[in-house]
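Student: Supplied in structure tokens, the structure appears directly below.
The values are calculated or read from the model by the stated rules, or taken from the named source; none is laboratory data. Remember, it's a predicted structure, so these values are computed and weren't measured experimentally. All Cβ positions, even for glycine, are placed from backbone atoms using ideal geometry, and neighbour counts span all protein chains on display. Calculation scope for accessible area: heavy atoms of the full protein, side chains included, ligands and nucleic acids excluded. Shrake-Rupley method; radii C 1.70, N 1.55, O 1.52, S 1.80 Å.
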Amino acid sequence: LQQQYLDRQIYWNLRHCSRQPGSDILTIIIDSMDKKKTVWPKWSFDRPSKEIEKLGARPRVVVTAALAHGYVTSWFLAPDELTHGADAYCEVLCQVIEQVHQLRGSKPLPRHLALQVDNTVAQAKNGFVGAFCAYVVGKQIFQSVTMNFLMVGHTHEDIDQIFSLLVSQVIRRYRYETVQDLKQYMEAVLAPAFHARHEDFKVTELNSVRSFAEWLK
């Protein structure tokens, strides 16, 4: 428990630094939500009729959140059929870095990028994402990239809290027929809380992912 707490302190310090004006550190945490909670359409009745059940399982949307601390909370809504491995992680990371770049205006990006990742090899803890991090350093987009992850069984962090916020404030309260409806509810209900702490809020439909693995070869 002591080692786990020390690991968390590293992330908390980097998060604090990222939020400071003029900081040279950009801290980003990316994770995806449990797909069982995001089936659609979300009907106004609890149990569908037998005719509807015969149509098969409802589609699911994969909700991924990225917190660029001090800049933007960015959500990505992707169909379940889309790839969700290293390619998807790099795609989300690229788009978030571009959003931070636009928010900074004429100022250059911070020199140091700190990534807080989930403890799984399927998404970020693999050679492809490592090669991508090396690439952005080699191209001098960042001077350094650090990838941190917590111990197995202790990976829940602040990003899981905003997932809980999405479930309690949007998914359980509203009924939506399409992914576009879900996006509109998220923007209307959740955005004000993030704007209040002077951070941008974006929801993006992610319908395609570039093949970073092939490109990096």
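Student: Regarding the stretch 129-189, what whole-number volume in Å³ per residue does the convex hull of its Cα atoms give?
Tutor: Normalising the Cα hull of the stretch 129-189 by residue number yields 163 Å³.
Student: Next question, about the same structure. If I model the chain as equal point scatterers sitting on the Cα atoms and use the Debye formula, what is log10 I(q)/I(0) at q = 0.09, 0.10, 0.16 Å⁻¹?
Tutor: -0.39, -0.47, -1.16
Student: Tell me, what is the per residue accessible area of the chain in Å², probe radius 1.4 Å?
Tutor: Heavy-atom SASA per residue in the chain reads 55 Å².
Student: Please give, to one decimal in nm, the separation of the simple spin-label points placed at Arg19 and Leu165, each 7 Å out from Cα toward the Cβ.
Tutor: Between Arg19 and Leu165, the label points sit 1.1 nm apart.
Student: Now for a different question. Tell me the relative contact order for the stretch 117-217 as a rounded percent, counting alpha carbon contacts under 8 Å between residues six or more apart.
Tutor: 24 percent
Student: Also: What is the percent carbon and sulfur in the accessible area of the stretch 94-217, measuring with a 1.4 Å probe over the protein chains and ignoring ligands?
Tutor: Heavy-atom surface of the stretch 94-217 belonging to carbon and sulfur, 1.4 Å probe: 51 percent.
Student: Something else now. Summarise the long-distance tail of P(r) for the stretch 60-111 by giving the % of C-alpha pairs beyond 14 Å.
Tutor: Tail of P(r) above 14 Å: 56 percent of Cα pairs.
Student: What length, rounded to one decimal in nm, is gained on full extension from Asp200 through to Leu6, with 0.36 nm per residue of separation minus their alpha-carbon distance?
Tutor: Extra length available between Asp200 and Leu6 comes to 66.9 nm.
Student: How big is the stretch 155-217 by Rg and Dmax over its Cα atoms, in Å?
Tutor: Both quantities, over Cα of the stretch 155-217: 15.0, 46 Å.
Student: Also, I was wondering about something else. Projecting each Cα onto the charge dipole of the stretch 106-168 (Lys/Arg +1, Asp/Glu -1 at the beta carbon, about the Cα centre), which of Phe132, Val145, Ser106 comes out farthest on the positive side?
Tutor: Farthest towards the positive pole: Ser106.
Student: If you don't mind, there's one more thing I want to ask. What angle do you read, to the nearest 10 degrees and between 0 and 90, between the alpha-carbon axis of helix 2-19 and the longest principal axis of the chain?
Tutor: Orientation of helix 2-19: about 80 degrees from the principal axis.
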